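Below is one structure, written out as structure tokens; comments come after it.
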Amino acid sequence: MTTLLDLFRSQQSFLLTGHENPDGDCVGAQAALSQLLCSMGKTVHIVNPDPLTQSFDFLTEHTTFTTAKSGAELPDFDVAVLLDCSQLSRVGSLGKRIGARNKPIAVIDHHVGSEDGDGSVFYVDVTAAATGALIRRLFAEFDVELTLPAAEGIFLSLVSDTGWFCYSNANAEVFSMAAELVALGVDSSRMYDALNRRNHKDSPRLLADALQSSRLLLDGKLACLSLDKAMIERCVKTGFDTDVMMEPLRSIEGVEVVALLKERFDGNVKCSLRARGDIDVQAIVSQFGGGGHKKAAGATVMMRLADAERAIHDAVQQALAAQYPGN
Ligand SMILES: [Mn+2]
């Protein structure tokens, strides 16, 4: 971490970015880090490969987020900071443009294997529940007081990656940070409403239709939900967050792994896996070139939907057999 602190101290202008389709941890960490760097007198630009969804409106009241447009010039920067990912390939075409500048790249992340990413300087801790937790630690390292917008960003990171403190990564650090952030004025109930209670009126029907097609496989240990292009189109139209669909499947007794397969418009399949027991889904998706965490991971599978379903089924079956020999 020392080299990262030195880099932040010595350089003046920073471009913060993260993975495509930025989630709550990614944008929360960006908001908080921009507050920290501004407090230190630095110049900060947040540039993401994709726009923020409207559920993050509360964050944009205090922090300016921009989206990279293909023709437009990138702002000048001394250091690029990759948050919640470690590879420029995860940043879409913006990643290539950042790489072409030949400036130092700092990686701040908590994903498995991120220390091998595209950074010149790393602050990676896979035991951290969220990237936002790492930013909270940086405030302490630089001895900078948290502002309310920074506190909101970090809280957003924590609730996004712990499923509102439900997942096994909700450790003591998470709860002690959460207490501190609420004491600083974060309105957790308001944030819950902003994130989860602004759904389109058609979303209950959409959710029902999607869940209808889910299947329990491998003696009820694997719950699988495949969304074809038509269903994805409905989700896009209504701004429905497909991750929400995994939670009802996760709630079924005996389910060890939930697989959500989304047919992409290019014909490949985006696959997300969640584990409830001891199965390591990060190891499963790594066979397909993906990554993530032990209990939450994803990959883009270069197959058609039906083939991807079979491949994931077989990989989960193998992992279960290794975990529970003799069953
Ligand atoms: Mn994260």
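The values are calculated or read from the model by the stated rules, or taken from the named source; none is laboratory data. These numbers were taken from a predicted model, which means no experiment stands behind them. Cβ sites come from the backbone with ideal geometry, for glycine too, and all protein chains shown count toward neighbours.
Structure notes:
- Sole exception among (1) in a helix (DSSP H, G or I); (2) out of contact with any strand residue (DSSP E or B) (no Cβ under 9 Å at 6 or more places or on another chain); (3) surrounded by 16 or more Cβ atoms within 10 Å (Cβ to Cβ); (4) among the aliphatic types (A, V, I, L, M) for VAL186, by number: (1)
- Enumeration of residues in the stretch 50-88 that are among the aromatic types (Phe, Trp, Tyr) and outside any helix (DSSP H, G or I): PHE65, PHE77
- Test: LEU4 is in a helix (DSSP H, G or I), at pLDDT 95 or above and in contact with a Phe, Trp or Tyr (Cβ under 7 Å, 6 or more places away or on another chain): yes
- Scanning the stretch 189-204 for residues that are in a helix (DSSP H, G or I), touching a helix residue (DSSP H, G or I) at 6+ places or on another chain (Cβ under 9 Å) and exposed (fewer than 14 other Cβ atoms within 10 Å of the Cβ) yields ARG190, TYR192, ASN196.
- Comparison of ALA315, ALA308, ALA299 shows that the only residue that is in contact (Cβ under 8 Å) with a residue 40 or more places away in the chain and within 26 Å of LYS229 (Cβ to Cβ) is ALA308.
- Residue in the stretch 13-21 that is away from the ligand (no atom under 16 Å from the Cβ) and not polar (S, T, N, Q) present: yes
- Taking the stretch 222-261 as the range and being in a loop (DSSP other than H, G, I, E, B), on the phi < 0 side of the Ramachandran plot and surrounded by fewer than 21 Cβ atoms within 10 Å (Cβ to Cβ) as the test, the residues that pass are ASP228, PHE240, ASP241, SER251, ILE252, GLU253, VAL255.
- Output for the stretch 56-102, where each listed residue is among the charged types (D, E, K, R) and away from the ligand (no atom under 16 Å from the Cβ): ASP57, GLU61, LYS69, GLU73, ASP76, ASP78, LYS96, ARG97, ARG101
- Extreme residue, nearest to the chain's Cα centre (by Cα), among residues of the stretch 118-143 that are within 14 Å of the ligand (Cβ to nearest atom) and assigned to a loop (DSSP other than H, G, I, E, B): ALA130
- Some residue of the stretch 25-46 being assigned to a helix (DSSP H, G or I) and among the acidic types (Asp, Glu): yes
- Selection status of CYS85, of a type in the set (A, V, I, L, M, F, W, C), without any contact (Cβ under 8 Å) to a residue 12 or more places away in the chain and out of contact with any Lys or Arg (no Cβ under 7 Å at 6 or more places or on another chain): no
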